[in-house]
Each structure stands twice: as structure tokens, then as C-alpha cells.
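Participant: Encoded as C-alpha cells, here's the structure I'll be asking about.
The values are calculated or read from the model by the stated rules, or taken from the named source; none is laboratory data. None of these values were measured; they are calculated from a predicted model. Counting neighbours? That spans all protein chains shown, and the Cβs are built from the backbone with ideal geometry, glycine included.
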Amino acid sequence: MLQLFGFDRIGVVVGDLYFLDPVQRDGQEGAEHGVRLEVRVLEPGELKGSVYSARPISIGAPVWRADLLEAVDGPSGSLNRAHHHPRMQDWEPRGRVFDPDLSADPVGWVGRQLSDLEGLLTQAGIGLDATLAADADSLRAAVPDVQRAVTSMLEQVKAGRLGTAPDGEELTSARISWL
């Protein structure tokens, strides 16, 4: 599942994730699942037809990411692998940051982070202009909607409806997600 909250130049995308990386990292071997949330750059395209035609929309590069993940074989709802990436570069995450508050209160933590879009953009090395400042205000007003989407997806992951492996396949590597 993918949900998008779009503003003038910034969007927040939220999606479920199932991930199995055969490379063991940081003692975190085995499959994981949960919800990924990214702040991304949005770019409106030129109309392809009349003034009534649909407008192409590009969801560009991420500038910040939160991974609300847990081990598939661990306690459900533990978010024992939750972390965030304060900086992204060339589509790649730069540095994992584990924050105990993120695992303890993921929805509240996400809300607090998104309420400070200016701070997230500064950490990502993006200068604030009038349009981004307006996006920050708009996002603050939409934080409760984003939090409801995150809550719903986390509940569906916990219930086994989202963030699942494909049926009937023996996996050695997988990434099932929009994000």
C-alpha cells in the first residue's frame, strides 16, 4: 500500500514494507517488515493535452526516511528495528539512527519530526525558501492525517495483511514495497 500527502514541493509518502537482506548487518539478520515513511521532493509535470488533461506528477528523491520495522520472527508490535535516516543522498540513505523514542511511540515520534519540516530539510542540506516554508506550515496542519495513515498501516502489518512475504516462495532475498 502507498499513501501520499502532497504539498507544493514536498510530499510525505507512507508504505508497507517486507524486506529480507541476505547480508547480515548490525546483528539484524532475518526478514523484517513494517512501515516506511519518506519526505520526498514533488515535481509537477507539464500538461500532456488540453487544459483538462491529467497532470503528470513526479515523486522525486527522498530527503528523509523513517523505517518503522521489526523482525518478522520477533514479538509483534515491538518495532525492534525501527530507525531513521536524517540524510539521504543520490537516493541512498546515509547513516541509520536508532532512537528509543521512535520504538516506544512511533506515531507520536513521526508527528514530532514532521512538525519540524524546516529542521528535517536543514539536516538534509536543503535551504528553506518561501515555498518550502509554506509547505512546512501545510504539513504541520496535515500531521494528524499522516499519523492516522501510519497507525492504520502499522495495525495492518501487525494483523498480517500488509508487509508480508509473497505466498509459496522460499526467499533468499526480497523487497516488497513501493518505497
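Participant: Return only the number of the condition from (1) part of a loop (DSSP other than H, G, I, E, B); (2) modelled with pLDDT of 95 or more that Thr172 does not satisfy.
Facilitator: The failed condition is (2).
Participant: Filter the stretch 153-179 down to the residues that are surrounded by 15 or more Cβ atoms within 10 Å (Cβ to Cβ), out of contact with any Pro (no Cβ under 8 Å at 6 or more places or on another chain) and of a type in the set (Gly, Ala, Ser), then identify the one that is farthest from Val14 (Cα to Cα).
Facilitator: Ala165
Participant: With respect to Leu154, determine if the residue is at pLDDT 95 or above, among the hydrophobic types (A, V, I, L, M, F, W, C) and outside any helix (DSSP H, G or I). Working first, answer last.
Facilitator: Values: at pLDDT 95 or above: yes; among the hydrophobic types (A, V, I, L, M, F, W, C): yes; outside any helix (DSSP H, G or I): no.
Taking the combined requirement at face value, the residue does not satisfy it.
Participant: Being surrounded by fewer than 21 Cβ atoms within 10 Å (Cβ to Cβ) and either out of contact with any Gly (no Cβ under 8 Å at 6 or more places or on another chain) or farther than 16 Å from Leu17 by Cα (or both) is the filter here, so list the residues in the stretch 66-84 that pass it.
Facilitator: Hits for the stretch 66-84 are Gly74, Pro75, Ser76, Gly77, Ser78, His83.
Participant: Being closer than 20 Å to Asp21 by Cβ and out of contact with any Cys (no Cβ under 6 Å at 6 or more places or on another chain) narrows it down to one of Gly125, Gly163, so name that one.
Facilitator: Values: Gly125 fails: closer than 20 Å to Asp21 by Cβ.
Every option except Gly163 fails the conditions.
Participant: Could you say whether any residue in the stretch 125-143 is in contact with a Ser or Thr (Cβ under 7 Å, 6 or more places away or on another chain) and under 27 Å from Gly77 (Cβ atoms)?
Facilitator: yes
Participant: Sticking with this structure for a sec: Specify which of the listed residues (Arg96, Arg81, Arg112, Arg87) is among the charged types (D, E, K, R), within 15 Å of the chain's Cα centre (by Cα) and more than 18 Å from Leu179 (Cβ to Cβ). Before the answer, list the steps.
Facilitator: Values: Arg96 fails: more than 18 Å from Leu179 (Cβ to Cβ); Arg81 fails: more than 18 Å from Leu179 (Cβ to Cβ); Arg87 fails: more than 18 Å from Leu179 (Cβ to Cβ).
Testing whether each residue is among the charged types (D, E, K, R), within 15 Å of the chain's Cα centre (by Cα) and more than 18 Å from Leu179 (Cβ to Cβ) leaves just Arg112.
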